[in-house]
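Presented below is the structure to which this report refers.
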Amino acid sequence: MSIYLTLTPCGGTGHDGIGSVVYYQLLTYIISKHLGVGYSHSGFDRLSHYDYTGYSHYEWCEFFTKFFNFPHLKNPDRIITLSGISDSLFSLIDQYKNAQESILIDMNQPTFAYIGARESVEQYFIENIDTLYDKNIIDDVRNNLIFQDKQYFDKNKFNISLHIRSINPNDSEFHSHRELYNPSKDYQKYVNLINRLKHKYRDTDSELHIHSQGELTHFENYLSLSSETFQITLHINENPWSDIYHMSNSDLLIMSNSSFSHIASLMNTNTIFVRDNFWHFTYPNSIKVDYNYNILN
């Protein structure tokens, strides 16, 4: 491999969670695989949400760097800077595809073009999604994750992951469609969802995994809805890389309106439920649902 793509900076701004930071890196990684070139990521830094976990900032960033296990090209022979995905990128790939030296193409020129670069990567992905949604490539990205904690999915069951987005101490941006969990307001909505899932998978040995943050008491009532063939398990305040790993490997992923859900969905080629007012694109395997998780036509 002689050509490698990167999109710098690879970390955050100090206020970003892992969802918003890794989003563009995942898109770039998948695009590079599709184009038949390499990808390079120098590691995460300046990620937020570590200060209420017990981990240091360094440990937090290192955990995610090791978990996503993105390739890293050290000491390239040449670095070329561009602004996003353009005809110039494709010309460079064609020009240097057989080069003996290693060439790193950074799609972020050191100007305000960074925002434009990210948007161009996203726009290219959306415009070519039918081609880029390649099960072999996406499964390869997910299987490249390094997860060393306990894997709790029972392979003999149909595993459903439900992400419920709760407020956390470092929330600073509240999208108008965020839909943060309010136990008194939203409990019955999720009860209705669980009852529909129990009915739909009544002939299947299933397990619903609820991933969220906050007070355990806000979720314990859901455990009473378990049945002999439909087990409910809570994963509250667990390490986020564990949630991402299992959500991306679930047989059915029910997203919240969250970038955290979204990056898991980008590595999952099984069925995805996504809210109809979610603000990012999703794969063709996604099914739009309304506020009460009714499937929309």
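Ile85: part of a loop (DSSP other than H, G, I, E, B) and within 30 Å of Val274 (Cα to Cα), yes or no?
Considered against the rule, which asks whether it is part of a loop (DSSP other than H, G, I, E, B) and within 30 Å of Val274 (Cα to Cα), Ile85 comes out as yes.
Out of (1) surrounded by 15 or more Cβ atoms within 10 Å (Cβ to Cβ); (2) in a helix (DSSP H, G or I), the odd one out for Ile126 is which?
Condition not satisfied by Ile126: (1).
Which members of the range 108-122 meet the condition of being within 18 Å of Tyr4 (Cα to Cα) and at pLDDT 90 or above?
Val121
Have a look at Leu180, Leu162 and point out the one that is out of contact with any helix residue (DSSP H, G or I) (no Cβ under 7 Å at 6 or more places or on another chain) and either modelled with pLDDT of 75 or more or at positive phi (or both).
Step by step, each of Leu180, Leu162 is checked, and only Leu162 is out of contact with any helix residue (DSSP H, G or I) (no Cβ under 7 Å at 6 or more places or on another chain) and either modelled with pLDDT of 75 or more or at positive phi (or both).
Only one of these conditions is not met by His218: (1) modelled with pLDDT of 95 or more; (2) surrounded by 15 or more Cβ atoms within 10 Å (Cβ to Cβ). Which number is it?
Checking His218 against (1) modelled with pLDDT of 95 or more; (2) surrounded by 15 or more Cβ atoms within 10 Å (Cβ to Cβ), the one that fails is (1).
If I filter the range 40-57 for residues that are assigned to a helix (DSSP H, G or I) and either out of contact with any Lys or Arg (no Cβ under 6 Å at 6 or more places or on another chain) or modelled with pLDDT under 95 (or both), do I get at least one hit?
Yes - at least one qualifying residue is present in the range 40-57.
In the range 18-61, which residues are surrounded by 18 or more Cβ atoms within 10 Å (Cβ to Cβ) and out of contact with any helix residue (DSSP H, G or I) (no Cβ under 7 Å at 6 or more places or on another chain)?
Val21, Gln25, Ser32, Ser40, Ser48, His49, Trp60, Cys61
The values are calculated or read from the model by the stated rules, or taken from the named source; none is laboratory data. The structure presented is a predicted model; accordingly, all values stated were derived computationally and were not measured. A quick note on method: Cβ atoms are made from the backbone with ideal geometry, for glycine too, and the neighbour counts reach across all protein chains shown.
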